[in-house]
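All remarks here apply to the structure that follows.
Laboratory data are not the source of any read-out in this text; all were calculated from the coordinates shown. These numbers were taken from a predicted model, which means no experiment stands behind them. For neighbour counting, all protein chains shown are included, and Cβ atoms are generated from backbone atoms with ideal geometry for every residue, glycine included.
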Protein chains: 6
Amino acid sequence: MTLMAEMTWYEFNERKDKDVVILPIGSVEQHGPHLPLSTDTIISEGFSKLLGEKTNSIVMPSINYGYKSQPASGGGPLFPGTIDLNGTTLIELVKDILEELIRDGVRKIAIVNSHFENQAFLLEAIDLVSKFMPNDTKIIMMSWWDLISQDTIDKVFDEIEFPGWALEHAAITETSLILKFAPQLVHMDRLIDEKIEEVPTYHVYPIPKDLVPKSGLLAIGRTSSKEKGELIVNEALDKMVSIVNKEFIK
Amino acid sequence: MTLMAEMTWYEFNERKDKDVVILPIGSVEQHGPHLPLSTDTIISEGFSKLLGEKTNSIVMPSINYGYKSQPASGGGPLFPGTIDLNGTTLIELVKDILEELIRDGVRKIAIVNSHFENQAFLLEAIDLVSKFMPNDTKIIMMSWWDLISQDTIDKVFDEIEFPGWALEHAAITETSLILKFAPQLVHMDRLIDEKIEEVPTYHVYPIPKDLVPKSGLLAIGRTSSKEKGELIVNEALDKMVSIVNKEFIK
Amino acid sequence: MTLMAEMTWYEFNERKDKDVVILPIGSVEQHGPHLPLSTDTIISEGFSKLLGEKTNSIVMPSINYGYKSQPASGGGPLFPGTIDLNGTTLIELVKDILEELIRDGVRKIAIVNSHFENQAFLLEAIDLVSKFMPNDTKIIMMSWWDLISQDTIDKVFDEIEFPGWALEHAAITETSLILKFAPQLVHMDRLIDEKIEEVPTYHVYPIPKDLVPKSGLLAIGRTSSKEKGELIVNEALDKMVSIVNKEFIK
Amino acid sequence: MTLMAEMTWYEFNERKDKDVVILPIGSVEQHGPHLPLSTDTIISEGFSKLLGEKTNSIVMPSINYGYKSQPASGGGPLFPGTIDLNGTTLIELVKDILEELIRDGVRKIAIVNSHFENQAFLLEAIDLVSKFMPNDTKIIMMSWWDLISQDTIDKVFDEIEFPGWALEHAAITETSLILKFAPQLVHMDRLIDEKIEEVPTYHVYPIPKDLVPKSGLLAIGRTSSKEKGELIVNEALDKMVSIVNKEFIK
Amino acid sequence: MTLMAEMTWYEFNERKDKDVVILPIGSVEQHGPHLPLSTDTIISEGFSKLLGEKTNSIVMPSINYGYKSQPASGGGPLFPGTIDLNGTTLIELVKDILEELIRDGVRKIAIVNSHFENQAFLLEAIDLVSKFMPNDTKIIMMSWWDLISQDTIDKVFDEIEFPGWALEHAAITETSLILKFAPQLVHMDRLIDEKIEEVPTYHVYPIPKDLVPKSGLLAIGRTSSKEKGELIVNEALDKMVSIVNKEFIK
Amino acid sequence: MTLMAEMTWYEFNERKDKDVVILPIGSVEQHGPHLPLSTDTIISEGFSKLLGEKTNSIVMPSINYGYKSQPASGGGPLFPGTIDLNGTTLIELVKDILEELIRDGVRKIAIVNSHFENQAFLLEAIDLVSKFMPNDTKIIMMSWWDLISQDTIDKVFDEIEFPGWALEHAAITETSLILKFAPQLVHMDRLIDEKIEEVPTYHVYPIPKDLVPKSGLLAIGRTSSKEKGELIVNEALDKMVSIVNKEFIK
């Protein structure tokens, strides 16, 4: 694994044609009273570095800002500290970076995402780029939760019921992942047992202030642990490695 | 219920300040060998008219084109007949229409969506508008599948296993809904028992041609029926009426 | 004639390479006390279906919203119920649809317009697309009034003087066309004898409120009739058929 | 009349709050074998300076480039030397200039246009600005041909039949106007008796190469004269002065 | 030298493939109490015409409006009479013009700039165009101050110390250049001995009103003279001729 | 100093109204054979953290990608590993982040830049935001080189002549700064004595491949040292602290 940030251009030049280049993208978003604002970026970077190690790939500097937090998957824009990009901005940002990589000769690009709301806009950017990219170029996009099996879900949600991925915000999986990737940033003592009471089945604007708990917690975080974080990391990472091998290396 | 398309401006003028205005949005997208390309629009219009009747609301002309079909929720852009808007275009289109309604004095707006991929871009448009709209304005957005209970799911999927909403494309629920809303457009004799074999857990571009079955069917459509369509319509419509009453009428 | 909305993608696929595809575009715009807000869309759809029948073409779902109404050709934006798109939005919307058709393999595209103000923006969209389209692609754009002969004008304006096409808004020609295409939507009893008194020879913003009559009528609608509607339809349709034959079929 | 280009900011500052500011806009467009490419700009500047003199106004530096030439009103984009702006570019350009004037305190703005194809895009720019401008601001837009009476038309077209304003491109009126405003740039000896044979009643893209005469002349220019130019200038100028007085000075 | 504005399209057509086409760009910006608002355009046009003469090139109509004035290089946006374009607008404007030239067959394009703040946005426009232009096309961009030698600086700043190019706004070099190009527009009697007292080493928004002297003068203009203007013109012009010869003619 | 990335939203919420928020922006750009691609980001982050410590401010996650490298200040876009954003993208990205901070209640924002080419586009973003921000908001932007005195320049360039800031790319100042901020990433053994031979006095596109040395070095890096890095850091930091105190704290 090599961090592109730390490579000289000579080093990058030697590897750009054959190696996979990984682009981590996160967000700056409220993650309850106990997790840091860059939780998503920390997770994306964590996975990217591990994936880079296992596949001898290059990890790019992160896109630290992401698309707008939604109430039922991130608490929404009303929480101070949530810094949201407009959809068009994120599309253009990712599009420019992908086009530059391709112009440089890179042909194997993997985006690692960990912010639920980024998904549609990442795919739009990739789609726009893919219409004009050379035939031998491939871009993949992975979000860790799409790679978790029911078996692991059962293990992680041993006590608390699994609320679905969208609501798993600042809850067991993310807390466990930060306990794994950056334990010093988790304040387990501040975690409270709060969750969204009634999951909205439609969208209202202006976003009602009482839609989500004041804490920003959408689901119960109790029972989070470093071990659960490792369980998730291990499975998602294995799958990511398989995907990269299948799509790029064979 | 009144169709805005058929109203004179005098008629619209008298009701614009107090009545709910409903905007249906669909898509032009492959729906397998047996359903029409405008399946989503037919469903949105069908729901909008029923909702309009029950709540004495105004139904706007539909937005007939929607965001890009995705492989694992609509078959993707490779199917001829799927006409996809870019994300930015859809955002601007919806934004302009909402802003014009608000400029006209409308304060109660309900968007009825039935195309999975539209969601993120509709919310982006509403969010951008909501930042500058008058305080007494409210915009809601509903997709019918978000309103279906487990109980109804159990009834509809009495024989076939429920594959999740994203994959329910051109399958039992949509087929049943068109059997209810526009039965003359359904070719049950052409329906085949095909489904996506392996649901992709990540995204690849260029989109592989064999990702989805050649027919465009993502899930089994067998056992579709007008009765199931009515079951879905009844529940979703009831919920839509409650939502509109709660948010706008009280 | 086949409505694309009602076709399956299989059906569209078989015809896309050789058949003409017709895209109707209208508007949501005040049309006086007696005509519906979607008058323009009804006319575009009416012509498109007839043209589709005569030339065995495919008719796409309409673009239901159009460019901003202007005072001296549509009454302007101040009338409630007039829903205007920004110029850039309409350009992008039409551009996306055209590009998707071309990407699908369609090579013969005919846009049928009936909203005066759409013209410049439709041409801009077509121009932008045409710079990059395959050599064997052709796009045409027709507005019905451009196809009417002096002879027909003389017959239609047998009693009332022809005020010019821009001012023929909600007046004899459009009223007659709706009497032909959707007679149940015309309220002849509400029609009054009002017209713009002084046609402005320059543009002022903010648009003065007294520029056009309160009714939104720009020219006299009296003497409108289904027969006149048929006269117009017959001539315009004949010409449209000839044009489509000349440009696409030969 | 004062040219803003030649004023110091001190001089502009003293007059900005009360005086009318005139913005001429032209184009770079083929005008046949005998007229210069900047014919439209010369005419706009010519009128603006005379109007500035009569109303003691400030004349801004011209916008020298305009919207895309259309075949049936300017010959179209295929002629070398025709330099066309995209619609969105012209909208943004005019919008920025208007917003800056308003931010500076200017409240009386008159745009003088002489390029047919600019019209829709100028109005779009003004409309967008007008939605947010201070209440005491007024923007007007005038094109000289809208101000010419039937009486003058009869005099100017004493021998040749009036082909309508759209086709009056590089023909009698524009030739006569340049004979008035910049006679040294007219090559009457190169003028030939050519005109568009069949005025297209619909639009085709790619634009056919034989739609307009090779010379770029759309209508007969014979009988052009400085005297006719003066006739046109006198009437249009009188009307412009009246309009400016009515709208701004009273 | 030929002014494109004055050429017929026939004349342009004959030369477009082989000759250099020069595009002057200026601004409308405060230039103190003694220089005109279009100082930059006058300088760009002055240089372009001389360069056109020496290299037998075509000079295009000027872009009369430029990017936003900055406090420490132009006084900033707060001065009435400074009309600033947004960055994106200027990029699109220049891009459109360049693309049209290239589409017409022009292969040798030289932009002559004299407004400090235009630089980054001109380069962005050229970069975007250059990514898709034919291989045999070349675009150059020159600003006169980049061509002045230390020797000339020493001569021009014989009494006053050279403050650096950014601050040389409305000061000795520009005043001397206008004394050379348009002496009738210089009011030497109004020139005062004022300059920016403390050059800001960082940027603050909102821009403080007292950052630059009330006069808009950033540096001392005393000792300006037509002779100094000629000195500058001679050197810059010589260099421009060499550059054009080297890059285009050889 | 607190890293926003590591704060919970509760912590951010308590400080957002009164504390300064610092936004570091860098680039991914070739920096010769001996410095890492993220040299600029490392420097911006380095300064931001020190400034945050001295002023008790909050440091945001970095913008890791910047505007297009230019040949004479960064080597240009041809070097692999240089990842350039389009101008409009950077403007929108910074605009969104600033607007979100302001919406959250932040009133004191300091941008720390270390990539020469970012400057114009950062200022454009700030300008656009500043037109609509609350009166009590202030945004400043600092680039470290603008804060270095002649005295320090003399000390740093004790042996090698100072080539000017634009050319100081991957040379003594940046090498010394990375020796200070991230010494493990500097490969002094790979540094060679190369520099741009002839500084271009104008811009050419396509960018000539031999404009800059193959190494990407624009100026001599020999004599770089951690001590010189500290000299620069000390002076720039002192000035930054004074600026922040003056503008925000008083």
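Hey, for B:ASN245 with labels 7 Å out along Cα-Cβ, what do the inter-copy distances come to in nm, ordered shortest first? Listed shortest first, these distances are 5.8, 6.0, 6.6, 6.6, 8.9 nm.
For region D:122-231, the Cα gyration tensor yields ellipsoid semi-axes of 30, 22, 14 Å (square root of five times each eigenvalue, largest first, whole Å). Exposure proxy shown here: for F:VAL112, C:VAL233, the number of other Cβ atoms within 10 Å sets the order, fewest to most, as C:VAL233, F:VAL112. Less than 5 angstrom separates the built amide H of B:SER27 from those of B:ASP40, B:THR41, all sequence-distant by 5 or more or on a different chain. Taking amide H as placed 1.01 Å from N in the peptide plane, A:TYR67 has its amide H under 5 Å from the amide H of A:LEU85, A:ASN118, each at least 5 places away in sequence or on another chain. Taking label points 7 Å from Cα along the Cα-to-Cβ direction, E:ASP151 and B:LYS18 give a separation of 8.7 nm.
Measuring from each Cβ of chain A to the axis carrying A onto C, the nearest residue and its distance in whole Å come out as A:PHE132, 6. With respect to chain E, whose longest principal axis is taken over its alpha-carbon atoms, helix E:119-130 is tilted by about 10°. Converting the Cα gyration tensor eigenvalues of region A:37-166 into ellipsoid dimensions via √(5λ) gives semi-axes, longest first, of 27, 20, 13 Å.
Using the count of nearby Cβ atoms within 10 Å as a rough guide to exposure, how do D:TRP9, D:TRP145 rank from fewest to most?
Details: D:TRP9 27, D:TRP145 19.
Listed from fewest to most nearby Cβ atoms, that is D:TRP145, D:TRP9.
Take E:GLU230, move 7 Å from Cα toward the beta carbon, and the resulting point lies 4.2, 5.9, 8.6, 8.6, 9.9 nm from the same point in each other copy, nearest first. Taking amide hydrogens as placed 1.01 Å from N in the peptide plane, the amide H of C:VAL59 sits under 5 Å from those of C:THR2, C:LEU3, C:MET4, C:ILE22, each at least 5 positions away in sequence or on another chain. For chain F, the relative contact order is 24 percent, taking Cα pairs closer than 8 Å that sit 6 or more residues apart in sequence and dividing their mean separation by the residue count.
Kindly express, to the nearest 10 degrees and within the range 0 to 90, the angle between helix D:87-104's C-alpha long axis and the longest C-alpha principal axis of chain D. Relative to chain D, helix D:87-104 is tipped by roughly 30 degrees. Remark: F:LYS226, C:LYS246 ranked as C:LYS246, F:LYS226, counting other beta-carbon atoms within 10 Å and listing the fewest first. Modelling each spin label as a point 7 Å along the Cα-to-Cβ direction, I'd like the E:THR201/D:ARG222 distance in nm, to one decimal. The answer from the label model is 7.7 nm.
Greater than 28 Å separation of Cα atoms is the criterion. Which listed pairs, D:LYS49/F:LYS131; E:LYS95/E:LYS180; E:LYS155/F:LYS68; A:LYS108/E:LYS131; F:LYS54/F:LYS155; A:LYS138/E:LYS95, meet it?
Values: D:LYS49/F:LYS131 33 Å; E:LYS95/E:LYS180 31 Å; E:LYS155/F:LYS68 36 Å; A:LYS108/E:LYS131 22 Å; F:LYS54/F:LYS155 25 Å; A:LYS138/E:LYS95 30 Å.
Pairs exceeding 28 Å: D:LYS49/F:LYS131; E:LYS95/E:LYS180; E:LYS155/F:LYS68; A:LYS138/E:LYS95.
Note on the protein assembly as shown: helix-only mean residue ellipticity at 222 nm, from DSSP H runs of 4+ residues weighted -39500 (n - 2.57) and normalised by residue number, equals -11500 deg cm²/dmol.
Computed from Cα atoms, the angle from the helix B:39-55 axis to the main principal axis of chain B rounds to 40 degrees.
For F:PHE132, the distances from its label point to the matching points in the remaining copies are 0.5, 0.5, 2.8, 2.9, 2.9 nm, ordered from shortest, with each point set 7 Å beyond Cα toward Cβ. Restricting the calculation to alpha carbons of region C:2-244 gives Rg and Dmax of 18.1, 55 angstrom.
Phi-derived couplings, Karplus 6.51 cos²θ - 1.76 cosθ + 1.60 at θ = phi - 60°, listed residue by residue for region A:200-212: x, 9, 7, 10, 10, 10, x, 4, x, 6, 9, 5, 10 Hz, with x used for Gly and Pro.
Taking the Cα centre as origin and putting +1 on Lys and Arg beta-carbons and -1 on Asp and Glu beta-carbons, what dipole magnitude results for region C:2-244, to the nearest 20 debye?
On the way: 22 positive and 37 negative charges, 74 e Å.
About 360 debye.
The residue among B:GLN30, B:ILE178, B:ILE97 whose Cα reaches farthest toward the positive pole of the charge dipole of chain B, with charges on the beta-carbon of Lys, Arg, Asp and Glu, is B:ILE97. Size descriptor for the protein assembly as shown, Kirkwood hydrodynamic radius: 34.3 Å (Cα pairs only, one decimal). Reducing region B:48-73 and region C:89-113 to their Cα centroids gives an inter-centroid distance of 22 Å.
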